[in-house]
1. Looking for something touching a strand residue (DSSP E or B) at 6+ places or on another chain (Cβ under 8 Å), among the hydroxyl-bearing types (S, T, Y) and either crowded, with 16+ Cβ neighbours inside 10 Å or touching a residue at least 40 places away in the same chain (Cβ under 8 Å) (or both) - is there at least one such residue anywhere in segment 80-100?
2. For segment 101-117, which residues satisfy the criterion of being of a type in the set (S, T, N, Q) and buried (at least 16 other Cβ atoms within 10 Å of the Cβ)?
3. Give, as residue ranges, the helices (runs of 4 or more DSSP H) completely inside segment 345-428 that count at least 3 residues that are touching a Phe, Trp or Tyr at 6+ places or on another chain (Cβ under 8 Å).
4. Given the criterion in contact with a Gly (Cβ under 8 Å, 6 or more places away or on another chain) and among the polar types (S, T, N, Q), identify the matching residue among T297, T365.
5. Return yes when F94 is within 16 Å of R42 (Cβ to Cβ) and either modelled with pLDDT of 95 or more or in contact with a helix residue (DSSP H, G or I) (Cβ under 7 Å, 6 or more places away or on another chain) (or both) and no when it is not.
6. Please go through segment 167-183 and pick out each residue that is touching a Phe, Trp or Tyr at 6+ places or on another chain (Cβ under 6 Å) and closer than 17 Å to Y24 by Cβ.
7. Run down S324, S320, S337 and say which single residue is of a type in the set (S, T, N, Q), surrounded by fewer than 22 Cβ atoms within 10 Å (Cβ to Cβ), over 14 Å from the mean Cα position of the chain (by Cα) and more than 23 Å from E231 (Cβ to Cβ).
8. Restricting attention to segment 203-249, which residues are of a type outside the set (A, V, I, L, M, F, W, C), assigned to a strand (DSSP E or B) and modelled with pLDDT under 95?
Amino acid sequence: MVPSTAHLPYFPSHGNAGYRVEHYDLSLDYRVTSNRLGGTARLSAVATETLSRLSLDLGTFRVGGVLVNGKAVRFTHRDGKLHLAPGRLAPGPFTIEVRYAGSPRPVSSFWGELGWEQLTDGVIVASQPIGGPSWFPCNDRPDDKASYRIAVTTASPYTVVANGDLTARRREAAGTTWVYEQREPMASYLASVQIGRYQQAELGPRMRLAFPPKIAAKARYDFGRQNQMMEVFSDRFGAYPFGSYTVVVTDDELEIPVEAQGMSIFGANHVDGLRGEERLVAHELAHQWFGNSLTLTGWRDIWLHEGFACYAEWIWSEASGGESADALAARCHQRLSALPQDFVLGDPGARRLFDDRVYKRGALTLHALRRVVGDLAFFAMLREWTSANRHGNVTTDMFLDLALQYATRSYDGFFASWLYGTRLPPLP
């Protein structure tokens, strides 16, 4: 008999036990032309047990020194781990300060490079799921969410966009410092910095767009319905969970758009002046509810992010006069039925974390549930899901417990087949 691996994390080398982080204060100095980053990270943390040693996740930087509760401590740094020996830490609050410098390198993964990455003229940070350590020391696990202050100094011709609200901008001889405050709890993989020669525009109340000036007209048009999209999603999913939302369009092409908390990043290839990629605009906006406010506890539950965001594409389509969710679901079901029936949505495995079936079968699962409980109950359930778990961590079991409260009869078999069976069930 093969032992079950259901309890094992997908990325056992990332994340650390024994403490949780409540706040990150990051002060960064970055030189675009040489890809040189100098940083000081100050972490406010809470020990959940007595600690004599603890670890942080950090990439290939030179560490200049570490303080714990203001005192220098011994440390070792190898294989992506910064190990600290602080003596005896009793359960309760403590602080860590790490000074580090070097050339940021993305984290290698099954899906390519993740994290801090150079553009032709600037920087993109795309960390999902394990790229956070490419640019700052962190507890790189999605269930350890914290508030952030991110201050970045770089050459003055560049615009810096990071998570949260811009609270200060200071121009000095050495460059311009941009300071952002992300007050709502955020997972390390969602922390992000974007640097480029961007122009900015307002899309609606507390909604911003940053883009290369040469595509200004196309970008404004392609994202021009985002305010209406926000209204539709706020009605279906509940109030928008953050203080603001920013879209960044890079001058480079990107394979896919990227999500971050309070922010989405698109490539120039996603802008055509015809709203040809508007479904992706909807998808990334929906992640602010499903993925950023409600963040999975473990990566096997990735369908709670991608399945919901994919279904939001269908919701926007029918709300904006496009194809109905029924029509989109039927076509999607037909396509997935022709693929090998070897996929488990509720535990796809690390290598299949971003398999297209996570997105599409996840959306079909939600559409099937909508059909059996009806629109009124379905959207009431989604609003309760987002409000009850706002800014928290979630699991599939938590969602099933809620869904069964809205069911008029037992649907255990329904969820077992959609989430844990390999064969795609028929649509109700």
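The values are calculated or read from the model by the stated rules, or taken from the named source; none is laboratory data. These figures come from a predicted structure and were not determined experimentally. All Cβ positions, even for glycine, are placed from backbone atoms using ideal geometry, and neighbour counts span all protein chains on display.
1. Yes, there is a match, as at least one residue in segment 80-100 is touching a strand residue (DSSP E or B) at 6+ places or on another chain (Cβ under 8 Å), among the hydroxyl-bearing types (S, T, Y) and either crowded, with 16+ Cβ neighbours inside 10 Å or touching a residue at least 40 places away in the same chain (Cβ under 8 Å) (or both).
2. Within segment 101-117, S109 is the sole residue that qualifies.
3. 356-373, 375-388, 396-405
4. Going through T297, T365 in turn, just one is in contact with a Gly (Cβ under 8 Å, 6 or more places away or on another chain) and among the polar types (S, T, N, Q): T365.
5. Answer is yes for this residue.
6. Matches in segment 167-183: Q182 only.
7. That would be S337, the only listed residue that is of a type in the set (S, T, N, Q), surrounded by fewer than 22 Cβ atoms within 10 Å (Cβ to Cβ), over 14 Å from the mean Cα position of the chain (by Cα) and more than 23 Å from E231 (Cβ to Cβ).
8. G204
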